[in-house]
Amino acid sequence: MKRRGLNDPLLMTSDGAPGIIKAIEVCFPRAARQRCLAHRMRNLAAKLPEDVWPEFKVRAQAAYQAPSRAIARELAAGVVADYGRKYDSAVACFMDDFEACIAHLRFPVTHRRAIRTTNLLERLFVEERRRLKIIPNAFGERAVLKLMFGALIRAAERWRSIKVTEFERRQITAVRKELDQEYEAAVGLVAKPSKDEFNVKISSKSRT
């Protein structure tokens, strides 16, 4: 993707596979990384008794789908306080990579449902398996590529249903700026002061 000209996107959503996470962090360091919440909720369900899971699920979803990341962190602290001693394994799973689980909260509210899971990608896999199941022979690479391209076109029609308002465009622009600043701070890049800022500092000093 990099060789074909893909710049760092705003967000990349993946499951917890270490290789994929590493690839995202190395190849797209300016992108936010979202941990798939569908996978995470299944992992949590496997670590709790059936009678505890419904209440814990509500608490976890409240944190993952909070209005903001700051509120999500407060709700997460409550989950840790209430369940940490008795269900330490589940709470450790809940807190593992938590910042990546709430990365979607940076973005416009109307976009969050579509970007917090890998469901769109998983749906593509289902469509491909469904079609290949009834085909005894794929007739070579070209035929498979045509099949995948057709499935992608159908998926793209669903993606285009997400409308972006002017206000949301400004929100997205602000997120891009914030991500760039975080990356530059992480790698130790310091922006040089502009000529105007330099002149202001000099004139301010001269008056003291």
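We did not get these values from a lab; they are worked out from the coordinates using the rules stated. Predicted model only: the values in this text are computed from it and were never measured. Cβ sites come from the backbone with ideal geometry, for glycine too, and all protein chains shown count toward neighbours.
Within region 107-118, the set of residues being under 13 Å from residue 12 (Cα atoms) and in a helix (DSSP H, G or I) comprises 112, 114, 115.
Filtered by the rule that a residue be β-branched (Val, Ile, Thr), crowded, with 16+ Cβ neighbours inside 10 Å and either farther than 16 Å from residue 96 by Cα or in contact with a Pro (Cβ under 9 Å, 6 or more places away or on another chain) (or both), region 14-35 gives a lone residue, 24.
Conditions tested, residue by residue: (1) surrounded by 15 or more Cβ atoms within 10 Å (Cβ to Cβ); (2) assigned to a helix (DSSP H, G or I); (3) among the aromatic types (Phe, Trp, Tyr); (4) within 17 Å of the chain's Cα centre (by Cα).
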residue	(1), (2), (3), (4)
40	yes, yes, no, yes
44	yes, yes, no, no
48	yes, no, no, no
55	no, yes, no, no
59	yes, yes, no, no
70	no, yes, no, yes
79	yes, yes, no, no
89	no, yes, no, no
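On the basis of being of a type in the set (A, V, I, L, M, F, W, C) and in contact with a Leu (Cβ under 8 Å, 6 or more places away or on another chain), does residue 31 make the cut? Answer is yes for this residue. For region 2-13, filtered to residues that are of a type outside the set (Val, Ile, Thr) and surrounded by 10 or more Cβ atoms within 10 Å (Cβ to Cβ), the residue that is farthest from residue 107 (Cα to Cα) is 6.
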